[in-house]
Amino acid sequence: MRNILWLLVGLSLLVRGATLYLQRASLDADPDAYRQIAENLRQTGVYSLKHESGSVHPTAFRPPLYPWLIAILAPTDASVTSALFALHLLLGTSTVLLTYGIARKLLASDALAILAAMIVLCDPILLRQQALVMTETLATFLAALLIFVAVQYEATSQNRTRRITLVVLLGILFGLAILCRPTFLPWLALVAMLLLWQLIFGSIAGNSRRQTVAELVLVASTSMLVLCPWVLQNYFQFHRVIVTTTHGGYTLLLGNNEEYYQHLATSTSPVPWKSDRLDAQLRELAEQQTLRREDQRVIMAAVPQQRGEAIMPLEMAMDRHCRDLAIQTMRDNPAGLVRATLHRWWQLISPLPHQLVENESLAAQLARYAVAVWYTCLAGLAIVGLWKLIRDGCYRQFSWLLALLLPLSLLAIHTFYWTNLRMRAPAMPVAALVAVAALSWPSRASVKS
């Protein structure tokens, strides 16, 4: 086994390191402002964004774990790109090794475990996302680590101390995952609901009901404890309780606005809809709100009975405004909502990446179709693998249940929220596990004790 691990480490460092090096210029970009937040955090000690005027203001627009890591690992501005290169390479390699460990335990086969690890190693989405300053690489690692710990937990029945330790670790990891990407919160909720369902209407192998309830409460409470520093920071900064981010309203509106609905209904262009006009409208609204708030502050300071009253922070007000607009659009245009939902589901599972420009080069077209062939083959195996897992009842085991609920939770959250291909990245290790399960014997798709 040790030789296999070293082989996987070597291959991962070679393949992922080479592809990351070829795309290293992308690490200098900052599409989601994570580098900027980390820089402000390091320089000012405040989790903040820069205004166009150059001033910084506290923010909860992006989840905190990734910027926290960047700020810790890169002590200077000049070291950020190198730190990101090393971090992403380490996380990607670790994800490959974790996939091997999970598959080896669940499928009881070194050959299938190696195949699952190689699928993750060569995954086109993961190879591309590792070169971008976004959360997919970290999120995928945390998802794989969660499932790996769940496998260890399920295989531990006699040692009570170790079992409790693993339960606490699961809670910590769920909390960290939510701090990385709020879309992990529905995953935890789904796991909790299905475990409660099994408690009420069935049984969970190897666990008494009392023990299962205690462990479920321990996972949930530990997760909440991990979230507490972020929630408290937001409360002190904004005087409001913000558990995740103030980004949800925007992503909900991004996938549910009349212009987008109209594009899906009438456009024949292969290029996806762009949000430039919507973004410009929101920027203009934010500028108007900023001026209006300055007037409000002057009035509130002058009127005695209004002194000390808090104005809702602009970021939260914009988040609420975007959410209300999106909900209104969904209510006013149910047919558009259905069309957009089906489109979002297809975007999440589609094997073919979007064409990005009208006049696409032959090389780009061939690359897209090569990716489509890869994912079509993977999907075919995954369908067979899922059928075998359901047939053999493996979904009743906690580790398989946890793994299978991850893609389901992503599908559920992106029923309404903006979606594209990269957002399925955290579920790719699960896709690899289910795909190689298609090649396993029925008795192998279980926990090896």
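When each of THR246, THR212 is tested for being crowded, with 18+ Cβ neighbours inside 10 Å, among the hydroxyl-bearing types (Ser, Thr, Tyr) and farther than 30 Å from LEU285 by Cα, the lone residue that passes is THR212. Of everything in the stretch 134-178 that's of a type in the set (S, T, N, Q), farther than 28 Å from ALA29 by Cα and part of a helix (DSSP H, G or I), which residue is farthest from the chain's Cα centre (by Cα)? Filtering first and then ranking leaves THR161.
Scanning the stretch 326-370 for residues that are of a type in the set (Val, Ile, Thr) and closer than 15 Å to TYR260 by Cβ returns ILE327, THR329, VAL338, THR341.
You will find that of LEU366, LEU356, the residue that is modelled with pLDDT of 95 or more, out of contact with any Phe, Trp or Tyr (no Cβ under 8 Å at 6 or more places or on another chain), aliphatic (A, V, I, L, M) and closer than 30 Å to TRP273 by Cα is LEU366 and no other.
Just to check your reading of the model, which residue among THR251, THR244 is within 23 Å of ALA425 (Cβ to Cβ), part of a helix (DSSP H, G or I), touching a residue at least 12 places away in the same chain (Cβ under 8 Å) and hydroxyl-bearing (Ser, Thr, Tyr)?
After ruling out the rest, the residue left standing is THR251.
Residues of the stretch 19-49 that are assigned to a loop (DSSP other than H, G, I, E, B) and closer than 14 Å to VAL80 by Cβ: ALA29, ASP30, ALA33. Filtered by the rule that a residue be assigned to a helix (DSSP H, G or I), surrounded by 15 or more Cβ atoms within 10 Å (Cβ to Cβ) and either touching a strand residue (DSSP E or B) at 6+ places or on another chain (Cβ under 8 Å) or among the polar types (S, T, N, Q) (or both), the stretch 344-397 gives a lone residue, GLN347. Do we have ALA38 as under 18 Å from LEU132 (Cβ atoms), under 20 Å from the mean Cα position of the chain (by Cα), free of Cβ contacts under 8 Å to residues at least 60 places away in the same chain and surrounded by fewer than 19 Cβ atoms within 10 Å (Cβ to Cβ) here? Considered against the rule, which asks whether it is under 18 Å from LEU132 (Cβ atoms), under 20 Å from the mean Cα position of the chain (by Cα), free of Cβ contacts under 8 Å to residues at least 60 places away in the same chain and surrounded by fewer than 19 Cβ atoms within 10 Å (Cβ to Cβ), ALA38 comes out as no.
In the stretch 398-419, the residue that is surrounded by the fewest Cβ atoms within 10 Å (Cβ to Cβ) out of those that are among the polar types (S, T, N, Q) and either outside any helix (DSSP H, G or I) or free of Cβ contacts under 8 Å to residues at least 40 places away in the same chain (or both) is THR415. Kindly indicate the residue of the stretch 254-285 that is touching an Asp or Glu at 6+ places or on another chain (Cβ under 7 Å) and assigned to a helix (DSSP H, G or I) and also nearest to MET330 (Cα to Cα) among those meeting that condition. Ranking the candidates gives LEU278 first. Note on the stretch 45-96: among residues that are of a type in the set (Ser, Thr, Tyr) and free of Cβ contacts under 8 Å to residues at least 24 places away in the same chain, the one that is nearest to ILE147 (Cα to Cα) is SER82. In summary, ALA214 fulfils each of the numbered conditions (1) of a type outside the set (Ser, Thr, Tyr); (2) modelled with pLDDT under 95; (3) over 18 Å from LEU401 (Cβ atoms); (4) under 27 Å from the mean Cα position of the chain (by Cα) with the single exception of condition (4). All of THR156, THR161, THR222, THR183 fail the test of being free of Cβ contacts under 8 Å to residues at least 12 places away in the same chain and either crowded, with 16+ Cβ neighbours inside 10 Å or within 30 Å of GLY92 (Cβ to Cβ) (or both), apart from THR156.
This table checks each residue for (1) at pLDDT 90 or above; (2) surrounded by fewer than 19 Cβ atoms within 10 Å (Cβ to Cβ); (3) within 20 Å of the chain's Cα centre (by Cα).
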site	(1), (2), (3)
VAL46	yes, yes, no
HIS51	no, yes, no
GLY54	no, yes, no
THR59	yes, no, yes
LEU65	yes, no, yes
LEU73	yes, yes, no
VAL80	yes, no, no
LEU90	yes, yes, yes
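The values are calculated or read from the model by the stated rules, or taken from the named source; none is laboratory data. All values derive from a computational prediction rather than experimental measurement. Don't worry about glycine lacking a Cβ; one is built from the backbone with ideal geometry, like all the others, and counts go over all protein chains shown.
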